[in-house]
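Novice: Structure provided below as structure tokens; questions to follow.
The values are calculated or read from the model by the stated rules, or taken from the named source; none is laboratory data. Values in this document were obtained by computation on a predicted structure and should not be read as measured data. Virtual Cβ from ideal backbone geometry, glycine too; neighbours counted across all protein chains shown. Note: areas computed on protein heavy atoms with side chains; ligands, DNA, RNA excluded. Shrake-Rupley method; radii C 1.70, N 1.55, O 1.52, S 1.80 Å.
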Amino acid sequence: ITLPIIYRRMMLRGFGSIRLLLFASIVCCFIQGALPQQKSARNDGGNDSNGLVEVSFTELEWDIDADWLLSNTYLVFFLQAGFGMLEAGMVRAKNTKNVLLKNLINTAICAISFWAVGYSFAFGQSSSGATNPFIGTGNFFLIDFRYYAHWSLHWVKASAAVTVLSHPMAERTMFPAYVIIAIVVSTIVYPTVAHWLHSDEGWLNVMGMIDYTGGTAVHIVGGAAGLVGTIILRPRLGRFDQAGKPRAMPPHNVTVTSLGIFILWYAWYGCTTGSTLGLTQRRWLVAARIAIVTTLGATSSLLTVLVTRRLQTYKYDLVPCINGLIIAQYY
């Protein structure tokens, strides 16, 4: 009864902007007051007359942490796009297609091999309950396993390890050889090191070693494998002249490379903050602090390289700044 009276009086006096907003607020209040009030979900074991699902606080914590883990997994997966753009722009134009194909195939191979065997070697638990400090021994093909969010996170990290090692060997690795490398690293190398460092029973973890965000399992493993591959493959043809002096091989497309480093920078927040494995129990404070450290590390490294190159060459150079960002994000 009251609402039509208010509307009639406001119509007689004319609708100004303030009167219109006031009337809209009154309407909202009337609508909210007319709606039936629902009871909140209870976890005391009583019956819920509204049919709401009873959720305990522990279950809610699991849901929040799983959602956080999956959201950051998608960001870490987006690293593959950044790696592809970065490497495709850095190499010579004739090798662009090969580089992008290897990035796509790497992701697919790692998914299959890590699902079948890799995760089992990293975190698998045998049905007998026996522990192994060296390697996991159960849950092959994810049988009798339900923590799928954890598998997803470590799958994208295994893919990142393989991608990291491909960069030092760019432009001089045959495609079948790269496929074999991707299978071996994602099936045996990364899972074994991840078990040592991240599994509760891993021998390095038991000794107290901390490998946050996979600095060792991903980057040292990928970097060491890339170094070995580089030593075996030797430098690219034309990299040095007859006198042994290096020749400049500038990126063929700095635009694509710049896009790649921005994607990496963005996706790296998922890798660093997501390694809290959840937000509950005040872990969101840790994640927020990590985000600040990630930001300051990247920006300070970028500015340091920019100023240093300016003092050395008396010019501002983009490519060294990109390399500075890569260093900051990895270490």
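Novice: At q = 0.10, 0.11, 0.14 Å⁻¹, what is the log10 ratio I(q)/I(0) for the stretch 83-189, with the Debye formula run over Cα points and no solvent?
Specialist: -0.33, -0.39, -0.58
Novice: Still on this model: Note down, for the stretch 198-265, the three equivalent ellipsoid semi-axes (square root of 5 times each alpha carbon gyration tensor eigenvalue), biggest first, whole angstrom.
Specialist: Each semi-axis is the square root of five times an eigenvalue, giving 36, 20, 8 Å.
Novice: Could you rank the peptides 203-210, 68-75 by their average count of other C-beta atoms within 10 Å per residue, with the highest value first?
Specialist: Answer by packing, highest mean first, reads 68-75, 203-210.
Novice: Is the shape of the stretch 126-195 rounded, prolate or oblate, going by the alpha carbon gyration tensor and its root eigenvalues a ≥ b ≥ c, with a/c under 1.5 for rounded and a/b larger than b/c for prolate?
Specialist: Verdict is prolate for the stretch 126-195.
Novice: For the stretch 50-140, rounded, prolate or oblate, judged on the Cα gyration tensor with a ≥ b ≥ c (square roots of eigenvalues), a/c < 1.5 rounded, else prolate if a/b > b/c?
Specialist: Oblate, because a/c is 1.5 or more while a/b does not exceed b/c.
Novice: Which loop trypsin sites (Lys or Arg not before Pro) in the stretch 249-331, with loop taken from DSSP, have no more than 15 other Cβ atoms within 10 angstrom of their Cβ?
Specialist: Within the stretch 249-331, the qualifying trypsin sites (Lys or Arg not before Pro) (loop, at most 15 other Cβ atoms within 10 Å) are ARG282, LYS315.
Novice: Another question, if that's okay. Specify, per residue and in Å³, the volume enclosed by the convex hull of the alpha carbon atoms belonging to the stretch 274-331.
Specialist: 62
Novice: Provide SER300, SER258 ordered by accessible surface of protein heavy atoms (probe 1.4 Å), highest first.
Specialist: SER300, SER258
Novice: Let me ask something else about it. Rounded to the nearest 10 Å², what accessible area does ILE112 show when all protein chains are kept and the probe is 1.4 Å?
Specialist: Per-residue accessible area (ILE112): approximately 110 Å².
Novice: Mind listing the phi-derived Karplus ³J(HN,Hα) values for the stretch 284-300, rounded to whole Hz, using 6.51, -1.76 and 1.60 with θ = phi - 60°, and x for any glycine or proline?
Specialist: Karplus values, whole Hz, x for Gly and Pro: 5, 5, 5, 4, 5, 5, 5, 4, 5, 4, 4, 5, 5, x, 5, 5, 5.
Novice: Kindly report, to the nearest 10 Å², the accessible surface of ASP317 as traced by a 1.4 Å probe over protein heavy atoms only.
Specialist: Counting only protein heavy atoms, ASP317 exposes about 40 Å² to solvent.
Novice: With all protein chains present and a 1.4 Å probe, how do HIS252, HIS167, HIS150 order by accessible area, largest first?
Specialist: So, going from the largest accessible area down, we get HIS252, HIS167, HIS150.
Novice: Using DSSP to define loop residues, name the trypsin sites (Lys or Arg not before Pro) in the stretch 68-170 whose beta-carbon has at most 16 other beta-carbon atoms within 10 Å.
Specialist: ARG92, ARG146
Novice: Okay, next question. When a/c is below 1.5 the answer is rounded, else prolate if a/b is larger than b/c, else oblate, so apply that to the stretch 68-119 with a ≥ b ≥ c taken from the square roots of the Cα gyration tensor eigenvalues.
Specialist: Oblate is the answer for the stretch 68-119, as a/c is 1.5 or above yet b/c matches or exceeds a/b.
Novice: Ranked from the most accessible area to the least, with a 1.4 Å probe and all protein chains present, what is the order of TYR178, TYR314, TYR148?
Specialist: TYR314, TYR148, TYR178
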